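Input: a single structure, listed below in structure tokens.
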């Protein structure tokens, strides 16, 4: 009986040894996997940081460009406003010139200052000036 017990103990020791070897092997595989995964995580983290830095630079560039465009837009807006005012002046000058030509024609036909004010839309002073100029031209 002693021999069977010894064989049994030896077998149990062999099984126990194999289990220990198996557990140590699994722990080594797990350690290698953890080291590998940690490296991968660090690579991903580094890559993510580079992407964030690149995005920050792009956003800064867009903000600078936007500021430049805003300045350019304001400059163009002032220019357009100036052109609008100039066009309005030219239109007023053209309209005013036509009104004065019409007033001169009416004075030549015998109209008075009141007629010029109502017919041509001239102010009283403008109507009297047109009348005076026409009198000077007739006299001269």
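Each reported figure results from applying straightforward, stated rules to the coordinates on display, with no laboratory input. Small disclaimer: the values here were computed from a predicted structure and weren't measured. Reconstructed Cβ throughout: ideal geometry from the backbone, glycine too, with neighbour counts over all protein chains shown.
Gain in length, residue 112 to residue 15, computed as 0.36 nm per residue apart minus the alpha-carbon separation, to one decimal in nm? Write out the running numbers ahead of the final one.
Details: separation 97, 0.36 × 97 = 34.92 nm, distance 13.40 nm.
This chain segment gains 21.5 nm when fully extended.
Measure nothing but the geometry: give the 0 to 90° angle between the long axis through the Cα atoms of 2-108 and the longest principal axis through the Cα atoms of the chain, rounded to 10°. Rounded to the nearest ten degrees, it is 0.
Residues 56, 102, arranged from fewest to most other Cβ atoms within 10 angstrom of their Cβ, appear as 56, 102.
Once the chain from residue 79 to residue 65 is taken as fully extended at 0.36 nm per residue, the excess over their C-alpha distance is 3.0 nm. Rounded to the nearest 10 degrees, the inclination of helix 124-139 to the longest alpha-carbon principal axis of the chain is 50 degrees. Relative contact order of the chain: 13 percent, from C-alpha pairs under 8 Å at least 6 residues apart in sequence. Once both labels are positioned 7 Å from their Cα atoms along Cα-to-Cβ, the gap between residue 51 and residue 36 label points is 2.3 nm. Ranked by how many other Cβ atoms sit within 10 Å of their own Cβ, fewest first, the residues 80, 117 fall in the order 80, 117.
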